[in-house]
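Undergrad: Supplied in structure tokens, the structure appears directly below.
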Amino acid sequence: MRVCVIGTGYVGLVTGVCLAHIGHDVICIDNNEEKVKLMKSGQSPIFEPGLSELMQSAAKEGKLEFSSDLAAGVNHGEILFIAVGTPPLPTGESDTRYVEAVARGIGANLNDGYKVIVNKSTVPIGSGDWVRMIVMDGIKERQKVLVGAGGVVSDEEVEKIAAEFDVVSNPEFLREGSAVYDTFNPDRIVLGSNSEKAMSMMEALYSPITARKYAEDPSLPPVPVVKTDINSAEMIKYAANAFLATKISFINEVANICDRVGADVTQVARGIGLDSRIGGKFLQAGIGWGGSCFPKDVSALVHTADDYGYEAHLLKAAVSVNQRQRLIAVEKLQQELKILKGKTVGLLGLTFKPDTDDMRDAPALNIIEQLNRLGTKVKAYDPLVSQTGLRHGLTGVIVETDPERLADGCDALVLITDWAQFLSLDYAKMAKQMHSPIIIDGRNFLNRKTIEAAGFRYVGIGR
């Protein structure tokens with residue numbers, strides 16, 4: 001099938017590359033000329049394991065191309081994905097300006113032939129009809145240009161073109177750091193539309209994936225396809241992320257109680273996670289959630305509830321617990337070092353999770369800000385941020401190039417990101433370089449016995 005993906009962020013680029021890999025003819029559109037030039041050269045603008053290799057392979061086979069020409073993309077695609085960013089506004093609602101601009105651009109460039117316009121961006125509930133309206137506005141504007149000054153655009157002309165497209169909601173559930181894996185091994189695919197024709201085309205598009213042809217385990221049953229109305233599909237995305245965020249906040253609150261009563265939250269999490277009604281995923285206590293999805297989506301759902309006269313008490317509590325949890329590491333540093341003014345603290349990791357270079361709403365940023373406020377010198381080492389030279393506008397922190405340089409002269413270390421590399425560092429050597437070998441394990445990730453054998457005092461979360 002011919003596919004156009006508009007927007008090449010984490011969602012758009014991964015979607016486009018993976019669809020090209022399974023055999024579709026894909027063109028990815030972005031209005032950033034430098035970014036397009038970079039992708040045409042075979043380089044990915046984002047770090048995502050396995051993405052660059054698939055991107056280069058698909059381009060070499062002629063299945064994938066990149067352009068800044070929206071008209072060419074719309075002309076090429078039977079299926080048009082809108083995959084631009086919807087960042088949060090200060091109010092908590094989603095900024096849909098980029099979605100609106102793309103929808104209007106699609107309408108201005110629609111040609112003969114049926115199109116399926118797919119909302120892949122996380123948009124407010126009810127955006128399906130809104131996107132259709134914006135596309136219609138784009139069609140009308142184009143028709144006015146074609147007719148010329150003083151001309152009249154007939155309703156029949158507009159309706160004829162409008163009948164040639166349908167809007168589908170197809171939310172993504174990709175995890176940064178494993179987005180390629182998640183694309184080929186999804187738990188489910190959600191499709192929202194009232195058009196049987198559009199649904200049929202979307203099912204055909206994903207058929208190699210739903211049939212497990214590219215799955216890690218091809219013997220598994222077919223991937224469930226959830227077909228619903230547009231509003232429900234949009235709600236599924238928000239509800240899924242809000243539930244997972246709440247689950248993390250719940251176990252973090254349990255961890256804080258464990259700290260006070262002498263229980264070990266890792267054992268508690270295992271004990272409750274074996275209950276089939278609960279499950280063990282997302283029960284890892286630590287310094288809270290961040291990134292581009294959970295904070296934005298939970299806030300957007302709270303804002304939507306407010307718009308409709310309902311106060312989402314549980315979701316607001318989940319956000320509140322998470323904000324406090326980010327500073328638990330600072331509290332534990334104060335318990336161990338007492339006064340932090342004049343002390344040096346090293347952070348192991350900066351990104352909000354491993355296997356990504358994404359710093360959006362990372363807990364590290366709050367911790368750095370708080371430590372700076374308390375007069376602490378802050379250093380950090382991150383496998384990606386340190387080695388690629390990326391600084392993401394970081395202030396108040398010295399980014400070191402290796403773990404040993406990080407440990408040198410520190411009064412304590414804090415593990416921020418659970419990078420696999422951090423399991424095998426030379427902690428004995430690092431302990432000898434520190435003023436006081438203390439480590440706050442902000443993810444309960446390290447082996448306590450190994451760390452203590454290396455000469456450290458180990459402090460976990462809820463342990």
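Undergrad: Just the residues that are in a loop (DSSP other than H, G, I, E, B), touching a Lys or Arg at 6+ places or on another chain (Cβ under 7 Å) and more than 27 Å from D426 (Cβ to Cβ), please, taken from the range 330-382.
TA: Those that are in a loop (DSSP other than H, G, I, E, B), touching a Lys or Arg at 6+ places or on another chain (Cβ under 7 Å) and more than 27 Å from D426 (Cβ to Cβ): L374, G375.
Undergrad: Next question, about the same structure. Please specify each residue of the range 122-150 satisfying the condition of being of a type in the set (A, V, I, L, M, F, W, C) and open to solvent by less than 40 Å² (accessible area, probe 1.4 Å).
TA: If we filter the range 122-150 for residues that are of a type in the set (A, V, I, L, M, F, W, C), which is where we start, we get 123, 125, 130-131, 133-136, 139, 145-147, 149.
Listed by number, the residues that qualify are V123, V131, I134, V135, M136, I139.
Undergrad: Which members of the range 208-253 meet the condition of being basic (K, R), farther than 29 Å from Q325 by Cα and either part of a helix (DSSP H, G or I) or open to solvent by 30 Å² or more (accessible area, probe 1.4 Å) (or both)?
TA: K213, K227
Undergrad: For the list (1) assigned to a helix (DSSP H, G or I); (2) surrounded by fewer than 22 Cβ atoms within 10 Å (Cβ to Cβ), I need the number of the one condition that E65 fails.
TA: (1)
Undergrad: Just the residues that are of a type in the set (V, I, T) and either open to solvent by 60 Å² or more (accessible area, probe 1.4 Å) or part of a loop (DSSP other than H, G, I, E, B) (or both), please, taken from the range 86-121. Let's see the steps before the verdict.
TA: Applying the first criterion (of a type in the set (V, I, T)) to the range 86-121 yields 86, 91, 96, 99, 102, 106, 116-118.
Matches in the range 86-121: T86, T91, T96.
Undergrad: Something else about it: Only one of these is modelled with pLDDT under 95, farther than 19 Å from I248 by Cβ and among the charged types (D, E, K, R): D358, D307. Name it. Talk me through it step by step, then tell me what you get.
TA: Values: D358 fails: farther than 19 Å from I248 by Cβ.
Step by step, each of D358, D307 is checked, and only D307 is modelled with pLDDT under 95, farther than 19 Å from I248 by Cβ and among the charged types (D, E, K, R).
Undergrad: Continuing with this model, one more query. Condition first: farther than 23 Å from V268 by Cα and either in contact with a Ser or Thr (Cβ under 9 Å, 6 or more places away or on another chain) or free of Cβ contacts under 8 Å to residues at least 12 places away in the same chain (or both). Now tell me which residues in the range 435-452 satisfy that.
TA: As a first pass, look at the range 435-452 and keep what is farther than 23 Å from V268 by Cα: 435-438.
H435 - this is the single residue of the range 435-452 that is farther than 23 Å from V268 by Cα and either in contact with a Ser or Thr (Cβ under 9 Å, 6 or more places away or on another chain) or free of Cβ contacts under 8 Å to residues at least 12 places away in the same chain (or both).
The rows are residues; the columns are (1) of a type in the set (K, R); (2) closer than 29 Å to P403 by Cβ; (3) surrounded by 15 or more Cβ atoms within 10 Å (Cβ to Cβ).
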| residue | (1), (2), (3) |
| --- | --- |
| G279 | no, no, no |
| D297 | no, no, yes |
| Y310 | no, no, no |
| Q325 | no, yes, yes |
| K343 | yes, yes, yes |
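Undergrad: Is it the case that the range 390-407 has a residue that's hydrophobic (A, V, I, L, M, F, W, C) and open to solvent by less than 10 Å² (accessible area, probe 1.4 Å)? Steps first, answer last, please.
TA: Taking the range 390-407 and keeping what is hydrophobic (A, V, I, L, M, F, W, C), we get 390, 394, 397-399, 406-407.
Now narrow it down to the ones that are open to solvent by less than 10 Å² (accessible area, probe 1.4 Å): 406-407.
Yes, the range 390-407 contains a residue that is hydrophobic (A, V, I, L, M, F, W, C) and open to solvent by less than 10 Å² (accessible area, probe 1.4 Å).
The values are calculated or read from the model by the stated rules, or taken from the named source; none is laboratory data. Keep in mind it's a predicted model, so treat the numbers as computed, not measured. Using ideal geometry, Cβ is built from the backbone for each residue, glycine included, and neighbour counts are taken over all protein chains shown. Remember, those area values only see protein heavy atoms, side chains included, never the ligands or the DNA or RNA. Shrake-Rupley method; radii C 1.70, N 1.55, O 1.52, S 1.80 Å.
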